[in-house]
Structure formats: C-alpha cells, structure tokens
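The values are calculated or read from the model by the stated rules, or taken from the named source; none is laboratory data. Because the structure is predicted, anything quoted here is derived from the model rather than measured. Please note: Cβ atoms are built from the backbone with ideal geometry, for glycine as well, and neighbour counts cover all protein chains shown. For the accessible areas, the whole protein counts, side chains as well, though only heavy atoms, and no ligand, DNA or RNA atoms are used. Shrake-Rupley method; radii C 1.70, N 1.55, O 1.52, S 1.80 Å.
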2 protein chains.
Amino acid sequence: MTQITAITLKAPIEGLPTPEDFVEMARPAPDLPEGGFLARTLCFSVDPGTRSRLSAGASYAFPLKPGEVIDGFAVAEVIETRSPHFAVGQTVAMGGGWADHQVFGGRGYVQLIRDEGIPLSAWIGVLGIPGMTSWFGLHRVGQVKAGDTVLISSAAGPVGATAGQLARKAGAARVVGIAGGPVKCAWLVEHAGFDAVVDYKTTSDLDAALRDACPKGVDVLFDNVGNAMIDRCLPLMRRGGRIVVSGQVADYNTAPEDRPGLKNTAYFIAQRLKMEGLVVFDDMREFTKAQAAMAGWIKDGSLIYREERFEGLRAAPGAFSTLFTDGSFGRRIIHLT
Amino acid sequence: MTQITAITLKAPIEGLPTPEDFVEMARPAPDLPEGGFLARTLCFSVDPGTRSRLSAGASYAFPLKPGEVIDGFAVAEVIETRSPHFAVGQTVAMGGGWADHQVFGGRGYVQLIRDEGIPLSAWIGVLGIPGMTSWFGLHRVGQVKAGDTVLISSAAGPVGATAGQLARKAGAARVVGIAGGPVKCAWLVEHAGFDAVVDYKTTSDLDAALRDACPKGVDVLFDNVGNAMIDRCLPLMRRGGRIVVSGQVADYNTAPEDRPGLKNTAYFIAQRLKMEGLVVFDDMREFTKAQAAMAGWIKDGSLIYREERFEGLRAAPGAFSTLFTDGSFGRRIIHLT
C-alpha cells in the first residue's frame, strides 16, 4: 500500500505563519472511491490565499483542521485509477496539497495536461489558478478594454505580472504596477512590458507617485493586496472604474476588526465605481479557451513568467511563511523530482 | 425684470448643518441664454445628498460656493422662454434650487410634465430622482430577480420605500427594511408591503435582528446610509450578492478620514460580491419608461409614497437640517403656492 507523506497544520495560526506551525505526517493512501485516482506528485505550489484557511473559525472560509493536508496546486502523474477519464501514466494539474502523493476523490479541480510543449510547473502557475485569476479577473470582472489605464498591485507576483501582460494584449493604453524593491520593478518594466512601476518600499510619497504614474486616472484596479491598497487607490479611479478584488494578502493575517477599512467609498457614487470579488473556480468551464491563447503566447515568448524553485516537501513551510514577509517574485513551486 | 429670491450658503459647513448656515438673498433674474427658460417655482425638494456639496473642497464633489443657490429639484411653471421645447405656461420638473424662480440655462435635468393625473410634487419624488434611483438602483445596479431577498436601509425614506415596493413587483421573495421608530416600521409593513422591518433605534442586537429577518441571507443590499451599514450587512450577503451604493447620508457630515471603514471585505471574494455606486442621472434616457410603469401603479394604488409638506421658501433650511437629526418619513417638499 502506498504511503503518503504530507505537511499538516499543528494548530490554527494567529498572525504571521512560521515553519514551526507545520508538521510532517505519514499515512497510508486511502481507498479510492469510484471516479477517483492516486497520483505521484511532481511539483506543487504554495499560495498566499491558503493563509485564509489557517486561522480558527473565520466564518467566511472553511478553516483547515489540524491533521488535514495544507492546500496547494499540484502537477502529478496518475499511478492508480478508478476513473474513466484519467489513466495511469497521464499527467494532471489539480487542486491538491503539500504531499508526495495526491488523492483525487472524484470532485474538484483537475485537468489533464495535453500540451507538453510548456514546462509542467506552468500548469499550476501562469496556466493554472494564478494565470486564470489574471485572465478572468481582468476580462470578466475588470471588463478591460482598449485605451484603459490598468493599475495592478503586487504586480511582480504570479497573478499581477500575468495580469499586466494580458492587459497590454487587451489594448490597455497604460499598464502600471505597484511592487516592492528595485529588482522586481526593473523586471516589470524591462521584461514584462509595464509602462511604469511604483516601488512601495522606497517611494516617500506613495499617493503622489501613484498619481504621477496614472496621470489620466485608473479604469481598472486589479488588487492583490487588500483594503489599505484599495482605499489608497480609490481617489484615482475614473468614471465607471472597475475594482477587481483578486486577493487580500495584507489582510489575511489580521482579525477582521483590526483590518484597515475602506473609507474613500464616496468615490463609489461620485465615479460610479464597481468593485467585485473573484474566485476563479467559478470560471472553470472557460479555462481551456484562456489556456490555449496563453500557451500560444508563452511559446512565442510574448507572455513571460517567473518561478521560484524549492526542492523537497520539507521546503514548503518555509517557502510559504516567507511569502508574507519577503513577498515572492514569481510563483513558488516545490519540486519533488 | 423678475426678482429671484433664493437661499444660499453663508460659508462651507462642517458637521451637521443648521438653519443658521443659510441666508436668503434677492437678485434680478439673469438674461436667458438661447435654449433657456425662466419658471415660477411651485414646489421644490430638500435632499440629503445635497449635503455632500456643502463642505469645503471635497475633491469628489463640486462644492457649492457661498452665494450659489442650494440644490433642489423643482416643479415650476415656465413664464419666459427662449427654448423651442418649453413654452410659457407649461409645467416642468427640473434640477433647480431653493428659490422662488428657477432658471434653466439650456443644459441639465428638465422634463415636461405631461401626465396631470398625479400630484405635481410626485414628479420630484416618487417619479423624480428618488423614485428613479429606486428603479435603476434595483434593476440596473442591483439586478434584482425573482426569488431574491432584498434588504433596504433607510427604508422609510423616499428612495427606500419605493425600492421595497418595486422589489416586490420584481418578484423578490422577501423584502426587508431597516428604519427608525415604530411609526415608520409599522407603515412599511402594513402599507408598503415589506415582509419585515428592523427598527435600528429600539433593537438591542441589530446584527441578530438582521440575521433573523433575513434567514436565507441577502441577495441585494440597497444601501442609503453609508459605510457602517454596509459593513454590518456584508456577512449576510449570499453568493453573488449585489450591493447598491445609493446614498451615504450617515457619512456626508464626516470627514473621509473619520468615517467608519468597510472591514468585512473578505466577503467580496468568499461570496463573489459586487458593489456599485449609482448616480441616476446616468439613466436619464430611460426615465420615461420607468415613470410610465410607476405612474400606472400610483394610479391603481399599488405603489404608495409619502411626503412631508413644508410651506414657504424660508422653511427650507430647517427642513433640510433636521433630515440629519430626525430623519425623514417621506420626501420633504417645500410648497410655494
């Protein structure tokens, strides 16, 4: 019987996570239900959004219980199957966890990887949930159109960097990022085609810098940070502007009552703003169309992405915890092979 | 030459307005431009939304300058015209001000009143901007549909009471109001057809009362109050819920930095919420269609409304100022005839 080695939570976390909040456990693989499969992990991701499930009792999420495997997306090879759709030897991208094997129970996000012309880890990055979040956040929620100014926070992260490039492809007149540190900012302008990037770590007057970077205002704010960032950007929004609530990484570690609040809401009426939250699984039926377009652009070099590579299951807790202190520069992928 | 007597602002207001913030002035009517007309006021409204223009230098509104006539909507009879569309003797509803005569300069909101079967003041109330705000807030922004639970704050006000009745006509399964005091609450349930009303003045645990009143959650929150109300209701929102930012009367008297903030924004992602601000003038081309439907319902008694009647120009500052302390129970109309 296959043994599964996985990372689980010791106890619900308050505040910033640390590697000590996690523990490795081994257990036998469960019996597969009809429609399920077992797969050997090739690589998996650590995701800042997972943080929202690691606190106790937040009513709006489903907190993970100690002992449950931590969420992550995985690329894995099917080694045992009871599904007519997934055969032994096939490679899948799927919702899974921090473990050396992935169990698919018959429901949830899973997709066969058919296009082998692209590195496998891309299917849990630029072609996976982050990239799909960029696409559907920008198109379905943000309703981006030619001539728009698009402002993207956490622009060097996997969602932001892709969103900026997709905005350009959609005809945005100006694509502006907010990122931390000269390396990320330079990469966004020199390689990812952003028109301007504001370095929030070194800019003395962030509000003025954002105004200067967006002289005509902002049509689409694609926010991956949280309340304080949105509140800061609301005065820049143009008539009919759209705010994509894609992620709230700055707020996940804070109890709701201690979070900064949105105060500049008068702009919602004055400028007819629309703000909408996004969970990209709602768009799952449309993924393949977006992935086909994006895979073409990856191959022709017009859509680029970065990954931070970590080796071995035990690297996951550290790679995850430092997301909230150092930030990431590209998708963090744990490789097991 | 016609003299115009009008109410103007003494100086920009901080905090709650009082009648002493206003002053009466007389001046000669200006020369009419091509396309303009002069009309004798029959009645005009005092509107809480006007408050946002009475502070100094709020960048999102256009502050009124001392000496300018205070905004209000007016029903008036044309007495002098240079417009091919408006003849002497015709009655109009228009954006105007607190004055005994209204000047139309050729641009802005004005509409001929053709249906004389309804009290004239209704054209600046239930068939005017408040009623249009109810209609387009509910339909265009709120996307109300059959089976929805609709929660309306400031439900006994002119926008809220109409919105609740229109929600019912749109097939809402449950229409819930928030209002202050037993008289308003009883009227909403007994006369305006609300299923339940929470009295925010007497309810000891408002959160619990709202949960009890909306056992299945809320699909459309039609908010006329402001940040604290929206923040309180966010945990009640159902998947895909819509938040109509129709008015922010509780926040108009407070500097932006001192306003309560929206903190429960995690629900935007968790429940895929959409929040949008509304300025109903954007829908002006569609007014007549909505007015025709609503006029029919007023005549058959299935759409009711209330007005609070004040007599004479000098009643306006008091009628306006007490909006923010007593609240209104129906549209406040100043009658000059």
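Based on the alpha-carbon gyration tensor of segment A:215-326 and its eigenvalue square roots a ≥ b ≥ c, which shape applies: rounded if a/c is under 1.5, prolate if not and a/b is larger than b/c, or oblate? Verdict is oblate for segment A:215-326. Charge tally around B:Gln248: other residues with Cβ under 9 Å, Lys/Arg +1 each, Asp/Glu -1 each, net -1. Using a 7 Å projection from Cα along Cα-to-Cβ, the label point at A:Ser302 is separated from the same position in the remaining copies by 5.5 nm, smallest value first. Summarising the rotation from chain A to chain B, the nearest chain A beta-carbon to the axis and its distance in Å are given as A:Gly261, 1. Looking only at other chains, what is the average number of their beta-carbon atoms within 10 angstrom of each beta-carbon in B:274-285? For peptide B:274-285, the averaged partner shielding equals 4.
If Lys and Arg each add +1 and Asp and Glu each add -1, what is the summed charge of the other residues whose beta carbon sits under 10 Å from the beta carbon of A:Pro260? Neighbour charge sum, excluding A:Pro260 itself: +1. Projecting 7 Å from Cα along the Cα-to-Cβ direction, the label point of A:Arg285 sits 3.2 nm from its equivalents in the other copies, listed shortest first. Accessible surface computed residue by residue for chain A, with neighbouring protein chains in place and a 1.4 Å probe, gives 40 Å² per residue. A:Lys10 exposes around 120 Å² of accessible area when a 1.4 Å probe is run over every protein chain in place. Straight Cα distances below 16 angstrom link B:Lys263 to the lysines A:Lys263, B:Lys274, with same-chain residues fewer than 8 positions distant left out.
Filter the GluC sites (Glu not before Pro) in segment A:5-67 down to the DSSP loop ones having no more than 15 other Cβ atoms within 10 Å, then list what survives.
Working: sites: A:Glu14, A:Glu20, A:Glu24, A:Glu34; in loops: A:Glu14, A:Glu34.
Qualifying residues, ordered by number: A:Glu14, A:Glu34.
Label-point spacing for A:Met1 across the identical copies (point 7 Å from Cα in the Cβ direction), in nm and ascending order: 10.0. Could you please report the charge total around A:Arg232, scoring K, R as +1 and D, E as -1 over all other residues with beta-carbon less than 13 angstrom from its beta-carbon? Computed value for this residue: -3.
What does the structure give for B:223-231 when I average, per residue, the other chain Cβ atoms found within 10 Å of the residue Cβ?
2
List, in the order given, every pair from A:Lys145/B:Lys145; B:Lys169/B:Lys216; A:Lys145/A:Lys169 whose Cα-Cα distance in the structure shown is over 22 Å. All intermediate terms of the calculation are to be shown ahead of the outcome.
Values: A:Lys145/B:Lys145 28 Å; B:Lys169/B:Lys216 20 Å; A:Lys145/A:Lys169 10 Å.
In this structure, A:Lys145/B:Lys145 exceed 22 Å between Cα atoms.
Counting other Cβ atoms within 10 Å, keep those with at most 15, restrict to DSSP loop, and tell me which trypsin sites (Lys or Arg not before Pro) in segment A:161-201 are left. It would help to have the intermediate numbers written out before the result.
Details: sites: A:Arg168, A:Lys169, A:Arg174, A:Lys184, A:Lys201; in loops: A:Lys201.
Here the sparse-neighbourhood loop sites are A:Lys201.
Work the Kirkwood hydrodynamic radius out for segment A:33-128: mean of 1/r over every pair of different alpha-carbon atoms, inverted, in Å. Intermediate results must be reported in sequence, preceding the final value.
Working: mean 1/r = 0.0716 Å⁻¹.
One over the average 1/r among Cα pairs gives 14.0 Å for segment A:33-128.
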